[in-house]
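Please read the structure below before turning to the comments.
The values are calculated or read from the model by the stated rules, or taken from the named source; none is laboratory data. Bear in mind that the values here come from a model prediction, so they are computed numbers and not experimental data. With ideal geometry, Cβ positions are generated from the backbone for all residues, glycine too; neighbour counts draw on all protein chains shown. Ligands, DNA and RNA are excluded from the accessible area calculation, which covers all protein heavy atoms including side chains. Shrake-Rupley method; radii C 1.70, N 1.55, O 1.52, S 1.80 Å.
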Amino acid sequence: MNNHSMSSKRIVHCANFNFIKHNGCFLHNTANKISNGLIRNGHSVLNFPDRDIKRCYSCFGYLKQIGSSKFNQTFYDYCIKAQPDGLILGHADTIWPETVAKIKEALPSIKILQWNVDCIDKNFVSNNIANIKSKLDVVDYTLITTADKNLLNQFNSSTVFYMPNIVDSSIENGKAFAIRHPRYDLIFTARKKSVREFCGKQYPAIDVVNKISQNIDVSKSIFPGTLDAPVCGGEYQNIISNSAMGLCLSQVSHNYLYSSDRMAHLMGNGVLIFLDRRTGFDKYFTDDEIIFYTEEDELYEKIKFYSQNIDERMRIAKNGYLKYHNMFNEKIVTKHIIDLMFSEKGAKKYPWL
């Protein structure tokens, strides 16, 4: 095994790379961006698609308990043969904590990190919190896309930190800010029955869309998953790249620096986004980079204003695009990951810390 200098590292990245089930926005998967960033920073990355391989060991291809033992043994054997310097786990709930502990025992110098991009507010989720906690004792570090200290403190660990949603210019390669008359005025993507926090209250996404439709002209808008058919992959990327403005709503909008990764998709492709000020992102972004709102009427008025004032829309969208790509790109975030895993000095160099 390589020693732990800051030279090139061999990393096994175990996450859901969605090779078999082509649902969701798999092109924009955080796992892809982390692997890309690690490689671009000079590291060797071995992607292990846990859910796909687990399906191969399960009856009828589903993620059932049958085959879990054999699958976990396969993952253990893979890591032992690969002899990585580091192991990164992204939502790898198919991997048992005992398996990770065995790998650590067999490879004493290995560094292990888990990352998670889902909500950690116990008022809205439970399984995700339990999944993170299950591996706290067997990983060296945990990164979560929420910076709310009260929420992070629930893990009672000094090794849990914030990680921003990543943008990758090879994936988010659109420049909607440069298109004067894109195909769509406004985009909002969500599953019809999924709940979103809208101006401090919880609504099914379809209700949010109906509220918007009652207050502004949506004849050139698109609402994949609610009024329009769901989209993913290349089609999803093409639609975002041809949208002037986007509403960024998450399951929770009042947890500090928590947002759906759609924020990275939209801003990364040069879309002007509307974001609830309760998210706290006004710490990093100004009103010249993101359009913040607090109340419904304020949001509707701002959507109307920027749909009519094209130059302002393009200018602010470009500012937001440049800031996001500068602060939260795949190379910067994965450099932080490597510093965290292999160096005790580099953790304070990053703008979100």
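What the table shows:
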quantity: Protection proxy ranking, peptides 165-174, 299-308, average beta carbon neighbours within 10 Å, highest first; calculated: 165-174, 299-308
quantity: Above-threshold pairs, the threshold being 30 Å between Cα atoms, out of Lys111/Lys192; Lys302/Lys323; Lys318/Lys349; calculated: Lys111/Lys192
quantity: Principal axis box of the stretch 149-300, alpha-carbon based, largest edge first, Å; calculated: 48, 35, 29
quantity: Set of aspartates and glutamates with alpha-carbon distance to Lys201 below 17 Å, sequence-local pairs under 8 removed; calculated: Asp121, Asp276, Glu295, Glu296, Asp297, Glu298
quantity: Calculated P(r) of the stretch 253-353 - Cα pairs past 20 Å, %; calculated: 44 percent
quantity: Residue of Asp217, Asp118, Asp282 that the Gaussian network model of the chain assigns the largest fluctuation, springs spanning Cα pairs under 10 Å; calculated: Asp217
quantity: Per residue accessible area of the stretch 73-217, 1.4 Å probe, in Å²; calculated: 45 Å²
quantity: Most mobile of Asn18, Asn329, Asn150 in a GNM of the chain (Cα contacts under 10 Å); calculated: Asn150
quantity: Within the chain, helix-based [θ] at 222 nm, where runs of 4 or more DSSP H residues each add -39,500 (n - 2.57), nearest 500; calculated: -10500 deg cm²/dmol
quantity: Above-threshold pairs, the threshold being 32 Å between Cα atoms, out of Lys54/Lys211; Lys211/Lys335; Lys175/Lys304; Lys122/Lys220; calculated: Lys54/Lys211; Lys211/Lys335; Lys122/Lys220
quantity: About the Cα centre, charge dipole magnitude for the chain (Lys/Arg +1, Asp/Glu -1 at Cβ), debye; calculated: 780 debye
